[in-house]
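Here the structure is laid out as structure tokens; the discussion comes afterwards.
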Amino acid sequence: MRWLQAGRFRLDLSAPKVMGIVNLTEDSFSGDGLGAQRDRALRQAEAFIAAGVDLLDLGAESTRPGAEQVPAELELERLLPVLEALRGAPVPLSVDTMKPEVMREVLRAGADLINDVNGFRAPGAIEAVAGSGCALCVMHMKGEPRTMQHSPVYEDVVAEVEAFLAQRTAALCAAGVARERILWDPGFGFGKTLEHNAALFRALPRLAAHQPLLVGVSRKTMIGQITGRPVGERLAGSLAAAVLAWTNGAAIVRVHDVAATVDARAILRALGPSGPV
Ligand code: 9MG
């Protein structure tokens, strides 16, 4: 059985898990103030919990291709009131951030997992998380969000991603982080073409042999490239990809559509290869 040590929780990863995305980025709201943002995020988190989500991922800085960074103070202004209100939630609270100062503050405020799309490469990032008991999602990204989709090139994308994740894991472990706190994420869409993403998707079993995997493909461009659908019409493609990710070794899928993904998981459990679970 595989476990993830995540702050207040010890999460059993032997059954597929769903992480719900709670967006606190400016461009996902209509600009009607932080209080309204907070209330909307809390309603969304409550709905996700009622639908059977296993983890919540709160993010206050967009990591979409082309996105600009926001100052740490603004990230914290958006995150802390939501974390405060969700303290004691029945599922682990993840925070998606690349900044060590944000990591330190959200850990003080009760975050159970730090999801760093930059793989804890910023100076001080490892030190910010090492001494806590939180889980760490180490993601691969080539470049940075503003420019990462400008013609990324790899010789062997799977080997490069695998080597990067192994190197970051070694750096974390050298700082005293236990392996059972670490998730790997190939970083679908982060400095990758559709061809790179497909190669990595097919390599999920190989990557899962190292550390438990988190996979995020929900509504992404790669789903649109495959189906020809705009972002608002990518639910079916995202569900198919989630089920395929689980059956190929992913432990956790990071999604926008929690209720539908929980249903897809129920079908997989009842009718899938290993029989009813
Ligand atoms: C924040 N964020 C956006 N996409 C993501 C992905 O694919 N994985 C992780 N870990 N975080 C993501």
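The values are calculated or read from the model by the stated rules, or taken from the named source; none is laboratory data. Predicted model, so just to flag it, every value in this text is computed and none were measured. Virtual Cβ from ideal backbone geometry, glycine too; neighbours counted across all protein chains shown. Areas reflect the complete protein model, heavy atoms only, side chains present, ligands, DNA and RNA absent. Shrake-Rupley method; radii C 1.70, N 1.55, O 1.52, S 1.80 Å.
Count of the stretch 116-132 residues, restricted to those that are within 15 Å of the ligand (Cβ to nearest atom), of a type outside the set (D, E) and buried (at least 18 other Cβ atoms within 10 Å of the Cβ), is 6.
Residues of the stretch 83-93 that are at pLDDT 95 or above, part of a loop (DSSP other than H, G, I, E, B) and of a type outside the set (G, A, S): P90, V91, P92.
If only residues of the stretch 66-82 that are open to solvent by 70 Å² or more (accessible area, probe 1.4 Å) and assigned to a loop (DSSP other than H, G, I, E, B) are counted, the one that is modelled with the highest pLDDT is P71.
Do you know which residues across the stretch 159-186 are in contact with a Leu (Cβ under 8 Å, 6 or more places away or on another chain) and within 16 Å of the ligand (Cβ to nearest atom)?
Answer for the stretch 159-186, where residues must be in contact with a Leu (Cβ under 8 Å, 6 or more places away or on another chain) and within 16 Å of the ligand (Cβ to nearest atom): V161, L165, L172, R181, I182, L183, W184, D185, P186.
So V158 ticks every box in (1) open to solvent by 30 Å² or more (accessible area, probe 1.4 Å); (2) more than 26 Å from E61 (Cβ to Cβ) but one. Which box is left unticked? Answer for V158: the failing condition is (1). Taking the criterion of being within 16 Å of the ligand (Cβ to nearest atom) and in contact (Cβ under 8 Å) with a residue 40 or more places away in the chain, the residues of the stretch 253-276 that qualify are V253, R254, V255, H256, V258, T261.
For every residue, the table says whether it meets (1) in contact with a strand residue (DSSP E or B) (Cβ under 7 Å, 6 or more places away or on another chain); (2) farther than 24 Å from Q167 by Cβ.
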position: R179; (1), (2): no, no
position: G191; (1), (2): no, no
position: L239; (1), (2): no, yes
position: V243; (1), (2): no, yes
position: R265; (1), (2): yes, yes
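Taking the options L113, L93, L86, name whichever one is of a type outside the set (F, W, Y), in contact with a strand residue (DSSP E or B) (Cβ under 9 Å, 6 or more places away or on another chain), more than 30 Å from S151 (Cβ to Cβ) and away from the ligand (no atom under 16 Å from the Cβ). I'd like the intermediate steps shown before the answer.
Working: L113 fails: away from the ligand (no atom under 16 Å from the Cβ); L93 fails: away from the ligand (no atom under 16 Å from the Cβ).
The conditions single out L86.
Residue pairs whose Cβ atoms lie under 8 Å apart, separated by 6 or more positions or on different chains, with the first residue in the stretch 202-213 and touching a residue at least 12 places away in the same chain (Cβ under 8 Å) and the second surrounded by 14 or more Cβ atoms within 10 Å (Cβ to Cβ) and of a type in the set (D, E), are A203/E162; R206/E162; L207/E162; H210/E162; L213/D185.
Suppose we keep only residues that are assigned to a loop (DSSP other than H, G, I, E, B) and of a type in the set (G, A, S) within the stretch 43-65. Which one would you say is nearest to V253 (Cα to Cα)? Top of the filtered list is G52.
Evaluate the following for T227: is it open to solvent by 20 Å² or more (accessible area, probe 1.4 Å), over 24 Å from L136 (Cβ atoms) and more than 16 Å from the ligand (Cβ to nearest atom)? Against the criterion (open to solvent by 20 Å² or more (accessible area, probe 1.4 Å), over 24 Å from L136 (Cβ atoms) and more than 16 Å from the ligand (Cβ to nearest atom)), T227 qualifies. For the stretch 10-33, state whether one or more residues are touching a helix residue (DSSP H, G or I) at 6+ places or on another chain (Cβ under 8 Å), surrounded by fewer than 18 Cβ atoms within 10 Å (Cβ to Cβ) and either farther than 24 Å from A208 by Cβ or at pLDDT below 95 (or both). Yes, the stretch 10-33 contains at least one residue that is touching a helix residue (DSSP H, G or I) at 6+ places or on another chain (Cβ under 8 Å), surrounded by fewer than 18 Cβ atoms within 10 Å (Cβ to Cβ) and either farther than 24 Å from A208 by Cβ or at pLDDT below 95 (or both).
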